[in-house]
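Below is one structure, written out as structure tokens; comments come after it.
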Amino acid sequence: MTWVELTAVAMPLVSFRHTWVFESDGAVLTSDSTLRFRGREEIDSDLRCHGFEVEDVRGAPDRPGSEFVFVARRTV
């Protein structure tokens with residue numbers, strides 16, 4: 001059995017715990033994680049700061065407005 005539970009939200013940070021219970025011996029394994037959700041402007045700025053030219057920013061087709069796909073090329 002496995003499940004994921006949300007443990008904290010303090011944007012831009014979201015924390016969650018993934019739990020596994022093994023049928024064979026009942027052992028429980030947990031993994032705590034935190035994701036940081038950055039805005040489009042912050043990602044664009046970081047790419048440029050690290051030597052990339054942003055050519056295009058597209059929306060993810062299955063999550064419009066929720067996820068961005070950056071097309072960038074390393075500047076010489």
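Tabulated values for the structure
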read-out: Which labelled figure in [x] 37; [y] 32; [z] 58 is percent of Cα pairs over 19 Å apart, once derived from the coordinates; value: [z]
read-out: Separation between Cα centres of segment 4-30 and segment 40-65, rounded to whole Å; value: 30 Å
read-out: With Cα atoms, 0 to 90° folded angle of helix 40-49 axis to the chain main axis; value: 60 degrees
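Computed from the coordinates by the stated procedures, all read-outs in this text should not be read as laboratory data. Values in this document were obtained by computation on a predicted structure and should not be read as measured data.
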